[in-house]
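The values are calculated or read from the model by the stated rules, or taken from the named source; none is laboratory data. Keep in mind that what you see is a predicted model, and the values were worked out from it rather than measured. We place every Cβ from the backbone using ideal geometry, glycine too, and count neighbours over all the protein chains shown. For accessibility, only protein heavy atoms count, side chains too; no ligands or nucleic acids. Shrake-Rupley method; radii C 1.70, N 1.55, O 1.52, S 1.80 Å.
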Amino acid sequence: TSIDPMEADLVGIAFSANEGTGYYVPVGHAGSKSNLDLSTVVERVKPLLQDPHMPKIAHNANYDLTVLSEYGMDVAPVSCDTMIAEWLLNPSSRNLGLKNLTWTRLGVEMTPIDALIGSGRHQITMDRVPVKKAAPYACADVDMTLRLATLLQPELKEKALWTLFSEVEIPLVPVIVDMQRAGVKLDVEALAKMSRQMGERLGELQGEIEGHVGHAININSTQQLSVALFDEMGLALPWMRRGKSGYYSTAADVLENLKDKHPVVDLILEHRQLSKLKGTYVDALPALVNPRTGRVHTSYNQTGSVTGRFSSSNPNLQNIPIRTEQGREIRRAFVAEPGWLLLAADYSQVELRVLAHISGDPAMLAAFARGEDIHASTAAAIYGVPLEAVTRDQRRVAKMTNFAVSYGVTGFGLSGRTELTPKEAETFIETYFATYPKVKAYIDGTREQASEQGYVETLLGRRRYFPELGTRARVHHNVREAAYRMAINAPIQGSAADILKVAMNQLWRELRAQGHRSRMILQVHDELLLEVPEEELGVVAPLVIGTMEGAYQLDAPLKVDAKVGHSWLDMAPLE
């Protein structure tokens, strides 16, 4: 009855064991005499779903497993998810939905869901659909899923993606389901207090901005803001041009360039940032607390990116801000249950360790082997100063360069990220490559590989395709260069994502095998957040660190930084 699996009521279950057949078990159709008793269905179906000798196939298994688990029917083992299979084969595919995929792959046009439940204001939920309509629709779903599995699995083997599929991605499905079902506890009162304080500050900012402008203004109106700043206050810079609408742009990057021109600009930027934080997180999060569990349950999309990372939505908990003090304060509202603690385990500089491993650069590997801060080491080498003499500014520029290079950024691109002029940035990158020559060789080799074979691979064999780099592809220079930058970064970022997935699978199995109550509740790029009973911390913390550091053997060994506390903000380094 809902696209949110934590709020959905079960209406029916469809099965197929042979292509061309399907069976539908109705349990929740409103007012239907065809419904079977739910407890009887659970009793009969549960052993089948949990039979270790009977592999299960699904499309978007995450959703089905979450709903069924909420009804006491855990599903194991899942051997194939046709959505994940297609995504591995075609990471940028826009046909991951079952209906589109069936048409694209099998040439079969399926009945759209709208034909059953309608759309817009007149849309109904599935429990209002008569069984005689729902049954053939649901049976077609499972039949086509089975046919797709028969087609896609051999292709995964043919393209050397089977190990990644069967040993990393598919085992991750129940891990993600458990994380979604666990959810995270929110301190709703703390958010309410934060909302009041932000509201007061927004009022103050409104008054200060209007004081500078000289009249009332709707700060959220880009046109009113443009008129006030550029027509009335004359803040336009010589290079600025009006858009087609006749107004100057008030985008953030434009305002950043005006910060020295007038104090009102800083006030507007603060108002925008505060308004976004308040609306997107502080006011929105409490409304998303599940009334049944009292916790917030995000949905993880395993196929949410072309790089291999998964995304989070409803709400997106991977985007909780950390760069500003006000943004960080939101993390204070993410708390542990009484008697429990939050344990955050974060891979340290994992992408640069992967870069050192893939490139085999001796200087970079040696810096990691000595346990040095890689950004400080880079700064020392490039600026020609002893490690202990590196300044914060030098380290910051070196850090920017380390990441810029791993993303294939040129000297011009680096100058836009630092205070360096384009010429200084170019010289800086030349010195960088002289320091780490094997990194330059990796970049050149990857560009060549992407052009020749049309794809690049991670350490675990995940592919990302770049058809625009083929010799016959006629694309704009800027498009081609952007593709090269993505090709350079894909093996690095993708390998880091793969390694964390391996760690999550291993950690999930170990926590269950050892009978711990500790559970993973959030994943944010290179960081895992667990909720741990206080009495388990002494055993679980070393288990988490050891599992993550041992997930993959890199020549620049993996390192994990761990913190613990009662909230996601108030955390201290683990002793």
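Pick out, from the range 484-575, the strands (runs of 3 or more DSSP E) lying fully within it that include 3 or more residues that are out of contact with any helix residue (DSSP H, G or I) (no Cβ under 6 Å at 6 or more places or on another chain) and touching a residue at least 24 places away in the same chain (Cβ under 8 Å). It would help to see each step written out before you state the result.
Numbers: elements: 519-524, 527-533, 560-565, 571-573.
Passing ranges, in order: 519-524, 527-533, 560-565.
Hey, any hits in the range 107-115 for a residue that's part of a helix (DSSP H, G or I) and either surrounded by 20 or more Cβ atoms within 10 Å (Cβ to Cβ) or touching a His at 6+ places or on another chain (Cβ under 9 Å) (or both)?
Going residue by residue through the range 107-115, those that are part of a helix (DSSP H, G or I) are 114-115.
With the extra rule that they be either surrounded by 20 or more Cβ atoms within 10 Å (Cβ to Cβ) or touching a His at 6+ places or on another chain (Cβ under 9 Å) (or both), the set shrinks to none.
No, the range 107-115 contains no residue that is part of a helix (DSSP H, G or I) and either surrounded by 20 or more Cβ atoms within 10 Å (Cβ to Cβ) or touching a His at 6+ places or on another chain (Cβ under 9 Å) (or both).
For Val456, indicate whether it is among the aliphatic types (A, V, I, L, M), over 29 Å from Glu527 (Cα atoms) and either open to solvent by 50 Å² or more (accessible area, probe 1.4 Å) or not in a helix (DSSP H, G or I) (or both).
Values: among the aliphatic types (A, V, I, L, M): yes; over 29 Å from Glu527 (Cα atoms): no; either open to solvent by 50 Å² or more (accessible area, probe 1.4 Å) or not in a helix (DSSP H, G or I) (or both): yes.
No.
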Tell me, please, whether a residue that is open to solvent by 20 Å² or more (accessible area, probe 1.4 Å), touching a residue at least 60 places away in the same chain (Cβ under 8 Å) and assigned to a strand (DSSP E or B) can be found in the range 464-483.
yes
Given (1) touching a residue at least 60 places away in the same chain (Cβ under 8 Å); (2) hydrophobic (A, V, I, L, M, F, W, C); (3) crowded, with 18+ Cβ neighbours inside 10 Å, number of the condition Ala363 does not satisfy:
(3)
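Inside the range 289-301, can you point out the residues that are in a loop (DSSP other than H, G, I, E, B) and either surrounded by fewer than 16 Cβ atoms within 10 Å (Cβ to Cβ) or in contact with a Lys or Arg (Cβ under 9 Å, 6 or more places away or on another chain) (or both)?
Asn290, Pro291, Arg292, Thr293, Gly294, Arg295, His297
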Report whether or not Ile443 is crowded, with 22+ Cβ neighbours inside 10 Å and either over 30 Å from Val335 (Cβ atoms) or at pLDDT below 95 (or both).
no
Please go through the range 168-212 and give me each residue that is of a type in the set (Val, Ile, Thr) and outside any helix (DSSP H, G or I), ordered by number.
Val184
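Restricting attention to the range 313-335, which residues are of a type outside the set (A, V, I, L, M) and in a helix (DSSP H, G or I)? Before the answer, list the steps.
Taking the range 313-335 as the starting set, the residues that turn out to be of a type outside the set (A, V, I, L, M) are 313-316, 318-319, 321, 323-329, 331-332, 334.
Matches in the range 313-335: Glu325, Gln326, Gly327, Arg328, Glu329, Arg331, Arg332.
Any chance the range 347-363 includes a residue that's under 30 Å from Ala190 (Cβ atoms) and touching a Lys or Arg at 6+ places or on another chain (Cβ under 9 Å)?
Here is the first cut: in the range 347-363, the ones under 30 Å from Ala190 (Cβ atoms) are 347-348.
Within this subset, residues satisfying the condition of being touching a Lys or Arg at 6+ places or on another chain (Cβ under 9 Å) are 347-348.
Yes, the range 347-363 contains a residue that is under 30 Å from Ala190 (Cβ atoms) and touching a Lys or Arg at 6+ places or on another chain (Cβ under 9 Å).
Matching residues to (1) free of Cβ contacts under 8 Å to residues at least 40 places away in the same chain; (2) of a type in the set (Lys, Arg); (3) open to solvent by less than 70 Å² (accessible area, probe 1.4 Å):
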residue	(1), (2), (3)
Ser39	yes, no, no
Pro55	yes, no, no
Ala61	no, no, yes
Glu70	no, no, yes
Asp81	no, no, yes
Lys99	yes, yes, yes
Thr102	no, no, yes
Gly120	yes, no, yes
Ile124	yes, no, yes
Does Leu258 satisfy the condition of being part of a helix (DSSP H, G or I), under 23 Å from Thr324 (Cβ atoms) and in contact with a helix residue (DSSP H, G or I) (Cβ under 9 Å, 6 or more places away or on another chain)?
no
Asn60: passes all of (1) in contact with a Ser or Thr (Cβ under 6 Å, 6 or more places away or on another chain); (2) polar (S, T, N, Q); (3) on the phi > 0 side of the Ramachandran plot but (1)
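Tell me, yes or no, whether the range 183-202 has at least one residue that is closer than 30 Å to Asp64 by Cβ, modelled with pLDDT of 95 or more and open to solvent by 50 Å² or more (accessible area, probe 1.4 Å).
Initial filter on the range 183-202 (closer than 30 Å to Asp64 by Cβ): 183-186.
Next, only the ones that are modelled with pLDDT of 95 or more stay: 183-186.
Those left that are additionally open to solvent by 50 Å² or more (accessible area, probe 1.4 Å): 185.
Within the range 183-202, one or more residues are closer than 30 Å to Asp64 by Cβ, modelled with pLDDT of 95 or more and open to solvent by 50 Å² or more (accessible area, probe 1.4 Å).
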Within the range 316-343, count every residue that is under 15 Å from Val188 (Cβ atoms) and of a type in the set (Phe, Trp, Tyr).
1
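Residue by residue through the range 404-435, note down the ones that are of a type in the set (S, T, N, Q), within 29 Å of the chain's Cα centre (by Cα) and either open to solvent by less than 40 Å² (accessible area, probe 1.4 Å) or farther than 22 Å from Ala483 by Cβ (or both). Even if it seems obvious, please write down each step before you answer.
First, pick out the residues of the range 404-435 that are of a type in the set (S, T, N, Q): 406, 410, 415, 418, 421, 427, 431, 435.
Now restrict to residues that are within 29 Å of the chain's Cα centre (by Cα): 406, 410, 415, 418.
Ser406, Ser415, Thr418 - these are the residues of the range 404-435 that are of a type in the set (S, T, N, Q), within 29 Å of the chain's Cα centre (by Cα) and either open to solvent by less than 40 Å² (accessible area, probe 1.4 Å) or farther than 22 Å from Ala483 by Cβ (or both).
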Among Thr391, Thr401, Thr378, which is the only one that is polar (S, T, N, Q) and surrounded by fewer than 18 Cβ atoms within 10 Å (Cβ to Cβ)?
Thr391
